[in-house]
1. Tell me, which residue of segment 179-202 that is at pLDDT below 95 and within 25 Å of the chain's Cα centre (by Cα) is farthest from residue 138 (Cα to Cα)?
2. Could you count how many residues in segment 415-434 are in contact (Cβ under 8 Å) with a residue 40 or more places away in the chain and either in contact with a helix residue (DSSP H, G or I) (Cβ under 7 Å, 6 or more places away or on another chain) or within 21 Å of residue 354 (Cβ to Cβ) (or both)?
3. Mind checking which residues of segment 170-205 are within 16 Å of the ligand (Cβ to nearest atom) and surrounded by fewer than 21 Cβ atoms within 10 Å (Cβ to Cβ)?
4. Can you confirm whether segment 213-220 contains a residue that is touching a residue at least 60 places away in the same chain (Cβ under 8 Å) and farther than 18 Å from residue 17 by Cβ?
5. Here are 388, 377, 411: which of them is touching a residue at least 60 places away in the same chain (Cβ under 8 Å), outside the structural domain of residue 92 (by TED's automatic domain parsing) and either in contact with a strand residue (DSSP E or B) (Cβ under 8 Å, 6 or more places away or on another chain) or surrounded by 14 or more Cβ atoms within 10 Å (Cβ to Cβ) (or both)?
6. Please enumerate the residues belonging to segment 210-233 that are surrounded by fewer than 17 Cβ atoms within 10 Å (Cβ to Cβ) and either part of a helix (DSSP H, G or I) or at pLDDT 85 or above (or both).
7. From 101, 132, 143, which residue is touching a residue at least 12 places away in the same chain (Cβ under 8 Å), in contact with a helix residue (DSSP H, G or I) (Cβ under 6 Å, 6 or more places away or on another chain) and either part of a loop (DSSP other than H, G, I, E, B) or under 30 Å from residue 345 (Cα atoms) (or both)?
8. Quick check on segment 501-508. Is at least one of its residues closer than 18 Å to residue 463 by Cα, touching a strand residue (DSSP E or B) at 6+ places or on another chain (Cβ under 8 Å) and crowded, with 16+ Cβ neighbours inside 10 Å?
Ligand code: GDP
């Protein structure tokens, strides 16, 4: 059992909501804010900058007797921005800032690409999570009872509705199992450290939300007691959520403080665009609880704050701060050390790049890291990775990439600057931007495949193809200069300009023209009977009716055909190619290998 002092020193765990687009992340956060705000008795929620705090009292009141008595966690702090972008952006000392995550899945749709992407990220950061199987109210026949615990609502449903919920839940269990997680409906789980809990909810009716909050509290208690036992009296430590210019205030940062205390007048060290810098806190701002105030007074000023909290900080020089970077309170004495430490942290966060590959731009260090990881997972190399919008300098840098196929910039949550656009039009750099990682990768892969197909096609067109012809009897139309004879294309094809050889390997001459009923042809394929003019030989001397000739395929072309394009060429061509190669290899066994 924890003592009262221990309880006091536990900070509020930070929770991030993730999931596929439209599965209900925003609705869930709205509902948590909406339902919990009503209960004034139990101590209503507190609105932070970028976050919402739900105190334990509120959760207890919602859960009634479902809640275990021994809870020592003070409540939950939900990050207001949903999505894995927020999750990866908000970092703390190399790990994820969020202590816990809610993975929202639309129970009627099941797992979607961003659900899987979120799970990969959660696994990478080893973040405990719970699955909220949302939109249970959409299950045919569901009889809603607003805001009640799932277990209570579920008991009152007809059997066929219960069966449908069970089936859908097991589909999720199956998907989670494919991804290496053992899971079950939360009320059937004993050990949350080994199994992922699935809580059926409706962000619309509020059903299941008490259960969800309770499971989160349980998870925090099981997993995090140690990491939550923070020095809530020590110097503040946090992460920059956003750098914002506010009317009347100038540049501010929205930050989540996850450890210690921050006060007005404190010296703080922040990771900057170029390098870390120090500044002094001029004001700490929290949102006003009530919204009908004049614009200048949107915020309440506070003199000090204790973790965990979301806060807007006003200080000189904040235009140089970078989203996603660390923030620490320092003293005059240790400020140089802290500067160095933050520099080290930023350095560590820098992405290790490959020698060759494409260029990545992202809005924050965390998202840059996430996207580079995803790309590596997909076997795509990254040569340059930086934070920031896409500038002319980036295009110039990308142009130096040695491989044409690598001259690509993938921009995640960034803009193409106006001056860049014009320059871009004149360059051969391809730029893709998106704010969904998997779409960005998908678009790039599609483009890459199209480029490769085009290159293959072009190469294929340039290659001299094999051909085999027979000099037809009674078809000598002109003896020499050039000789004009009738031939039957037995396999492959012939084209003007190619050289013919005999089965003994000796040279016949170069085809000048191919004609069929007085029309010139650029190609004659298997089965055709055509007239050809040949520069070089004299009919009746070097060449004779009934002879067989082969197209003399240059050695490098023959190699490509035999070893790279074998599966794509026609059967008759392949047969002719192998006969031709055999002729060449009679004299030189290593020819074309
Ligand atoms: P997000 O993209 O994940 O943030 O999804 P939203 O919260 O914006 O929800 C997408 C749509 O699904 C909206 O039209 C919501 O009203 C709807 N929605 C969200 N949760 C529920 C739910 O529990 N039940 C029903 N019926 N609709 C929901």
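The values are calculated or read from the model by the stated rules, or taken from the named source; none is laboratory data. Model, not experiment: these values are computed from the prediction. Every residue, glycine among them, receives a Cβ derived from its backbone with ideal geometry; neighbour counts consider all protein chains shown.
1. 180
2. 1
3. Listed by number, the residues that qualify are 204, 205.
4. No, every residue in segment 213-220 fails to be touching a residue at least 60 places away in the same chain (Cβ under 8 Å) and farther than 18 Å from residue 17 by Cβ.
5. That would be 388, the only listed residue that is touching a residue at least 60 places away in the same chain (Cβ under 8 Å), outside the structural domain of residue 92 (by TED's automatic domain parsing) and either in contact with a strand residue (DSSP E or B) (Cβ under 8 Å, 6 or more places away or on another chain) or surrounded by 14 or more Cβ atoms within 10 Å (Cβ to Cβ) (or both).
6. 222, 225, 226, 227
7. 101
8. The answer is yes; a qualifying residue exists.
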